[in-house]
Amino acid sequence: MVKKGVERAPHRSLFMAMGYTPEELERPLIGVCNSANEIIPGHIHLSKITEAVKSGIRMAGGVPVEFGAIGVCDGIAMGHRGMKYSLASRELIADSVETMATAHCFDALVLIPNCDKIVPGMLMAAARLNIPAVVISGGPMLPGNYRGSAVSVTDVFEAVGTVNAGKMSCEDLEELEMCACPGCGSCSGMFTANSMNCLVEALGMGMPGNGTVPAVSGARIRLAKEAGMKAVEVWRRNILPRDIMTKEAFANAITVDMALGCSTNTVLHVPAIAVEAGVPLELEAFDSISDKTPHLCNLAPAGNHFLVDLDEAGGVQAVMKTLSKAGLINGDVLTVTGETVRRNLERAAVKREDVIRPLNNPYHEKGGIAILRGNIAPGGAVVKQAAVADEMLRHQGPARVFNSEEEAQAAITGGKINAGDVIVIRYEGPKGGPGMREMLSPTSTLAGMGLDKCVALITDGRFSGATRGAAIGHISPEAMEGGLIALVEEGDTINIDIPEKRLDLLVDDAVLAQRRSAWKEPKAKISGGYLGRYARLVTSAGTGAVLK
């Protein structure tokens with residue numbers, strides 16, 4: 001489209017201006033999307049990964065063509081206006097990759113993300129474009145070491161609450177913050193970035209090892225070269241993303257999600273990717289798969305293992321090998337290796353059963369995520385049940401109502417939250433936020449203050465993968481759409497029953513009808529710019545918060 005024939009002589013002259021040779025223009029042009037920047041630890045090293053990918057492409061006879069993509073650091077954006085842009089950036093990333101790939105007619109793509117919204121954004125683009133593509137992440141960060149204990153950024157967030165409770169000094173906090181994140185890579189626990197990178201591998205769009213090989217290792221560089229070579233191979237064989245991202249492949253990915261105890265954000269991103277792939281995927285799929293999938297790995301923030309431990313244990317492939325023994329993995333689906341899952345798993349093995357437990361000794365009989373429904377969430381709500389203390393699996397308490405994250409955070413740090421309370425944070429959904437902010441600051445402060453085992457938090461916003469405790473998000477319909485969460489008043493009783501998958505406001509229907517008649521949609525918090533457009537177009541969290 002851009003290289004052949006007399007009519008394309010002007011196009012070729014522009015290639016010549018950049019130093020391309022006629023010989024190079026006879027080879028496939030492989031777009032290499034590099035999301036490196038100097039604001040995300042997981043992306044600070046991606047130019048090095050990109051150079052390895054480009055080497056692999058050249059070795060296989062292709063011509064790499066590098067272009068950039070944006071990325072937001074959720075941790076740095078946390079707790080202020082910046083977080084409103086995080087989820088919304090996912091759509092920008094997908095649109096920009098589509099734009100670059102289509103405008104320049106690339107033959108294939110290698111997509112190089114690493115952190116939260118960048119991974120699903122690029123996968124959405126791959127599914128939408130449906131040209132040969134391989135995803136290679138930058139790899140996870142190693143855990144830090146604080147006085148002999150492995151730590152991550154979660155420990156720093158939770159330490160804020162510990163300091164506020166008078167249980168930790170500011171000097172100790174400073175020591176912790178200096179060592180919790182020792183270098184490049186996606187944050188070291190099973191937070192959203194690593195959850196998505198593992199699911200890329202389980203879905204078949206990434207090479208074996210994509211989710212777990214550490215960012216700082218030579219193995220990650222080798223994997224990047226292999227990904228570059230595979231991009232040329234999938235182009236030659238015309239293996240397309242929608243050949244890989246089938247209904248069965250999504251079921252495999254969700255099964256791995258449940259076994260690993262991944263972030264609740266996967267319930268936003270996986271359906272959004274499925275929409276682009278043309279695969280029907282309802283929230284019920286997460287529940288039905290969770291009910292039959294054992295929780296095999298207890299990774300931070302719920303447990304004491306990190307991604308480096310999972311890698312040592314055999315990685316995602318070893319988890320899939322274990323699950324396949326119970327018939328929970330479809331081995332016939334195709335992957336970017338050019339082989340089926342079954343063929344890829346032939347060499348997989350569990351090397352540490354303390355990290356990947358056997359089927360007869362899981363951490364929990366059911367998967368890490370549960371979908372709750374009830375009068376307050378008829379469209380669904382999501383909880384990472386693997387990270388909830390046993391005593392909070394069933395809880396009933398008075399509502400403490402806040403119309404923003406900032407209001408709730410001030411009440412928590414101000415000592416105004418009591419044991420037994422159910423914190424309600426509303427008008428933080430996709431439309432109401434806008435942008436559906438993560439609530440890591442409130443949940444981490446509660447944990448640091450020792451309240452995570454006696455206080456619940458529900459919201460139409462969402463949570464970081466680093467969140468633990470009885471934190472229930474994605475309540476749909478959201479408050480801005482007139483969902484029942486908008487009608488909750490201070491002191492109302494809320495009943496949470498995670499085993500029964502229920503979330504209910506215990507208020508008489510007649511009273512709720514009176515409140516409904518008096519409710520008026522509040523003025524939009526932001527009406528201009530990108531977020532204003534996003535708020536007008538975005539759909540419910542229950543449908544993946546995709547744009548209309």
Filter result for Cys198 (within 15 Å of the chain's Cα centre (by Cα), hydrophobic (A, V, I, L, M, F, W, C) and open to solvent by 40 Å² or more (accessible area, probe 1.4 Å)): no
Residues of the stretch 141-158 satisfying the condition of being aliphatic (A, V, I, L, M), under 30 Å from Glu226 (Cα atoms) and open to solvent by less than 20 Å² (accessible area, probe 1.4 Å): Met141
Enumerated helices (runs of 4 or more DSSP H) restricted to the stretch 196-309, each holding at least 2 residues that are in contact (Cβ under 8 Å) with a residue 24 or more places away in the chain and among the hydrophobic types (A, V, I, L, M, F, W, C): 218-237, 247-260, 266-277, 283-292
Residue within the stretch 444-456 that is crowded, with 24+ Cβ neighbours inside 10 Å, in contact (Cβ under 8 Å) with a residue 12 or more places away in the chain, more than 26 Å from Ile76 (Cβ to Cβ) and of a type outside the set (S, T, N, Q) present: yes
Members of the stretch 469-500 found to be part of a loop (DSSP other than H, G, I, E, B) and farther than 24 Å from Ser288 by Cβ, listed by number: Gly469, Glu478, Gly482, Gly483, Val488, Glu489, Glu490, Gly491, Asp492
Criterion violated by Met436 - all others in (1) open to solvent by less than 10 Å² (accessible area, probe 1.4 Å); (2) in a helix (DSSP H, G or I) satisfied: (2)
Options Gly161, Gly138, Gly121; residue that is part of a loop (DSSP other than H, G, I, E, B) and either over 25 Å from Phe67 (Cα atoms) or open to solvent by less than 40 Å² (accessible area, probe 1.4 Å) (or both): Gly138
Of all residues making up the stretch 35-57, the number that are open to solvent by 10 Å² or more (accessible area, probe 1.4 Å) and either touching a Pro at 6+ places or on another chain (Cβ under 6 Å) or not acidic (Asp, Glu) (or both): 10
Residue in the stretch 101-118 that is under 24 Å from Ala193 (Cα atoms), out of contact with any strand residue (DSSP E or B) (no Cβ under 9 Å at 6 or more places or on another chain) and outside any helix (DSSP H, G or I) present: yes
Condition check for Gly61: of a type outside the set (Lys, Arg), touching a helix residue (DSSP H, G or I) at 6+ places or on another chain (Cβ under 7 Å) and surrounded by 17 or more Cβ atoms within 10 Å (Cβ to Cβ): no
Selection count, the stretch 423-442, where residues are more than 21 Å from the chain's Cα centre (by Cα) and hydroxyl-bearing (Ser, Thr, Tyr): 1
Hits in the stretch 493-523 - residues which are open to solvent by less than 50 Å² (accessible area, probe 1.4 Å) and among the aliphatic types (A, V, I, L, M): Ile494, Ile496, Ile498, Leu503, Leu505, Val507, Leu512
Set Glu405, Glu365: member being among the charged types (D, E, K, R), under 17 Å from Thr467 (Cβ atoms) and in contact with a strand residue (DSSP E or B) (Cβ under 9 Å, 6 or more places away or on another chain): Glu405
Per-region count, the stretch 312-332, residues part of a helix (DSSP H, G or I) and open to solvent by less than 50 Å² (accessible area, probe 1.4 Å): 9
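Per-residue answers, yes or no, for (1) farther than 19 Å from Ala127 by Cβ; (2) open to solvent by less than 10 Å² (accessible area, probe 1.4 Å):
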site: Met258; (1), (2): yes, yes
site: Gly261; (1), (2): yes, yes
site: Thr266; (1), (2): no, yes
site: His269; (1), (2): no, yes
site: Leu296; (1), (2): yes, yes
site: Ala302; (1), (2): yes, no
Hits in the stretch 102-160 - residues which are more than 21 Å from the chain's Cα centre (by Cα), of a type in the set (Gly, Ala, Ser) and over 30 Å from Leu446 (Cα atoms): Ala103, Ala108
Count of the stretch 227-255 residues which are touching a helix residue (DSSP H, G or I) at 6+ places or on another chain (Cβ under 6 Å) and open to solvent by 10 Å² or more (accessible area, probe 1.4 Å): 2
So Ala193, is it of a type in the set (A, V, I, L, M, F, W, C), assigned to a helix (DSSP H, G or I), surrounded by 24 or more Cβ atoms within 10 Å (Cβ to Cβ) and touching a residue at least 12 places away in the same chain (Cβ under 8 Å): yes
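The values are calculated or read from the model by the stated rules, or taken from the named source; none is laboratory data. None of the values given here were measured: they were computed from a predicted structure. Note that each Cβ is placed from the backbone with ideal geometry, even for glycine, and that neighbours are counted across all protein chains shown. Each accessible area value is taken on the protein alone, full model and side chains, heavy atoms only, with ligands, DNA and RNA left out. Shrake-Rupley method; radii C 1.70, N 1.55, O 1.52, S 1.80 Å.
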